[in-house]
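First the structure, in the form of structure tokens, and then the observations on it.
The values are calculated or read from the model by the stated rules, or taken from the named source; none is laboratory data. None of these values were measured; they are calculated from a predicted model. All Cβ positions, even for glycine, are placed from backbone atoms using ideal geometry, and neighbour counts span all protein chains on display. Heads up: the accessible areas ignore ligands, DNA and RNA and are worked out on the full protein's heavy atoms, side chains in. Shrake-Rupley method; radii C 1.70, N 1.55, O 1.52, S 1.80 Å.
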Amino acid sequence: MQSENNMAIEDNLDPHDWESMRELGHAMLDDMLDYLQGIRQQPAWQPIPPEAKAHFTSPVPWEAQDPGAIYQEFKRFVMPYPLGNTHPRFWGWLFGTGTVMGMYAEMLAAGMNTNGGDLDNHSAIHVETQVVNWLKEILGFPASASGLLTNGCSASNLNGLAVARFARAPWDLRQEGLQGDHPRLVLYASTEAHSSIRKAVELLGLGSEALRSIEVDAQYRIDLAALEAAIQHDRKDGLQPFCVVGSAGTVNTGAFDDLNALADLCKSQDLWLHVDGAFGAWAVLAPSLSHLASGLERADSLAFDLHKWMYMPYELGCVLVRDEGQHRHAFSYTPPYLAGSHSGRGLTGGDLPWFTDKTYELSRGFRALKAWMSLKEHGLSKYARLIEQNVQQAQYLAELIEADPGLELMAPAPLNVVCFRSVQPGLDEPALELLNQKILLALQEQGIAVLSSTRLAGRFALRVGNTNHRTRRADFDLLVREVKRLGDRLLRDLSD
Ligand SMILES: *Cc1c(COP(=O)(O)O)cnc(C)c1O
């Protein structure tokens with residue numbers, strides 16, 4: 001009697017009715033598989049109607065609600081209005097498209113609910129270590145290099161630049177910080193470098209002025225002469241250059257800096273080379289593209305994503321650091337309550353390095369499982385073919401654009417990023433910009449395709465970034481047709 005009373009008082013969060021929860025889970029899985037299987041029939045995007053938005057202003061739920069009812073709410077208000085990036089005609093920014101097996105891995109990892117930060121005598125640490133080892137091998141890093149999975153390339157850039165800063169400051173920066181009487185640390189990247197580089201520099205306390213923006217050539221690659229001159233100039237001024245950031249695939253046009261030249265320069269100038277290869281690093285997989293990424297393997301640190309061009313579900317990035325000691329030196333700090341034994345016994349006695357020694361995070365999810373399962377499911381050769389396919393599709397689009405007098409290719413497209421616009425005789429620059437902005441919106445709002453935009457040499461451009469494994473060439477035929485149709489129609493509206 002006593003114990004029954006206790007059972008009533010001591011509640012928990014497991015299902016009260018496992019059987020109906022099991023049914024609900026199966027229904028969710030079936031619905032999601034139906035959705036992904038039929039994704040091509042869905043609009044590429046649709047706006048959230050005001051009624052649906054209003055749904056998200058309901059009060060804090062103090063009382064329990066039925067799981068089935070919550071799922072119905074999801075189906076009505078959440079599911080129908082996704083970002084759209086699983087759709088075959090989503091090419092805005094650089095988005096990942098995800099896979100079914102990746103989704104399963106997410107579910108399994110969530111079920112295990114393990115913590116991949118510290119404590120090394122459990123399977124997740126071995127899975128992540130193996131994934132990082134595979135990635136080192138694929139990207140040409142030595143087996144002795146260090147690395148960890150992150151939530152994305154922004155975090156990877158921050159991690160890599162933090163290591164660079166600690167490794168290259170000629171004083172004990174972990175202890176003294178930037179507050180002492182020291183020369184100012186400065187670093188270099190092209191004007192085309194990703195915004196996450198500047199954010200990282202600001203977060204690291206260096207100040208965005210410390211990030212020297214170096215101009216690019218006609219191919220949007222960093223201008224090496226200008227870079228050298230800037231380094232010399234800063235040294236003369238008594239500043240402390242410590243790092244160059246190379247881009248392997250810029251977000252605007254997919255350009256690659258000359259990474260071998262940067263590696264040579266960094267060697268002769270005693271600077272750290274960090275490479276941001278968010279999506280472009282994966283060019284190494286495709287025989288016809290790998291020359292672009294040559295030199296990548298010489299970086300001191302390399303940041304890249306697996307949720308963009310390796311098509312794995314969000315969130316998943318990686319940072320590799322050539323020198324494991326320097327990686328640890330930047331982050332390792334072990335208070336007594338976290339100490340491990342490396343005795344081979346017990347949960348803290350494993351033989352692997354702790355990932356928490358390589359990042360500021362302590363608790364970390366089991367991101368590695370989706371990478372491990374995905375790489376096995378498809379095999380690297382399949383990824384190589386798909387990456388090649390995406391680039392060939394982008395080249396195909398560029399050819400369609402160049403063959404059409406009503407369209408203008410606005411930058412070289414060496415990889416999977418294509419910038420273009422609709423041109424109409426007699427329109428000046430402001431009118432062209434307005435027209436193309438309207439085309440961009442119409443494509444999105446009519447659910448035809450999602451593109452993003454950028455500005456190249458001050459001119460507005462429609463931008464396609466193709467990291468989509470569901471795209472077919474015919475989707476680009478359709479895109480060109482629709483851009484032209486919308487262009488003609490909107491031109492009539494503009495002149496009315
Ligand atoms: C997307 C991107 C990033 C940032 O990566 P996240 O995974 O979005 O954090 C950094 N650099 C480049 C070149 C990118 O394309």
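Values computed for the structure shown
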{"item": "Computed log₁₀ I(q)/I(0) - Debye formula, equal Cα scatterers, no solvent, the chain, q 0.11 Å⁻¹", "result": "-1.05"}
{"item": "Highest to lowest packing among 276-282, 230-236, 464-470, scored as the average C-beta count within 10 Å", "result": "276-282, 464-470, 230-236"}
{"item": "Per-selection Rg to Rh, region 163-234 - Cα, Kirkwood hydrodynamic radius", "result": "1.01"}
{"item": "Sparse-neighbour loop sites [chymotrypsin sites (Phe, Trp or Tyr not before Pro); region 323-417; at most 11 other C-beta within 10 Å; DSSP]", "result": "Y333"}
{"item": "Cα-centred dipole magnitude for the chain, charges only on beta-carbon of K, R (+1) and D, E (-1), debye, nearest 20", "result": "980 debye"}
{"item": "Pairs of lysines in the chain (C-alpha under 17 Å apart; 8 or more residues apart or interchain)", "result": "7"}
{"item": "Probe 1.4 Å, protein heavy atoms only - accessible area per residue of the chain in square angstrom", "result": "48 Å²"}
{"item": "Order by protection proxy (mean Cβ within 10 Å, highest first), peptides 454-463, 89-98, 12-21", "result": "89-98, 454-463, 12-21"}
{"item": "Dipole of the chain [Lys/Arg +1, Asp/Glu -1 at C-beta], most positive-end residue of V131, N466, G180", "result": "N466"}
{"item": "Farthest toward positive dipole pole in the chain [+1 Lys/Arg, -1 Asp/Glu at C-beta], among L443, P82, G152", "result": "L443"}
{"item": "Portion, in percent, of the accessible area of the chain that falls on carbon or sulfur, probe 1.4 Å", "result": "53 percent"}
{"item": "As computed over region 274-337, the Cα convex hull volume per residue (Å³)", "result": "100 Å³"}
{"item": "Sparse-neighbour loop sites [trypsin sites (Lys or Arg not before Pro); region 307-338; at most 10 other C-beta within 10 Å; DSSP]", "result": "none"}
{"item": "Charge dipole (debye, nearest 20) of region 184-260; +1 at Cβ of Lys and Arg, -1 at Cβ of Asp and Glu", "result": "260 debye"}
{"item": "DSSP-defined antiparallel bridges as percent of all bridges, the chain, nearest 5", "result": "60 percent"}
{"item": "Alpha carbon centroid spacing (whole Å) that separates region 257-273 from region 226-256", "result": "10 Å"}
{"item": "Most to least packed among 147-155, 176-184 [average Cβ atoms within 10 Å]", "result": "147-155, 176-184"}
{"item": "Region 331-380: trypsin sites (Lys or Arg not before Pro) falling in loop per DSSP and having at most 12 other Cβ within 10 Å", "result": "R345"}
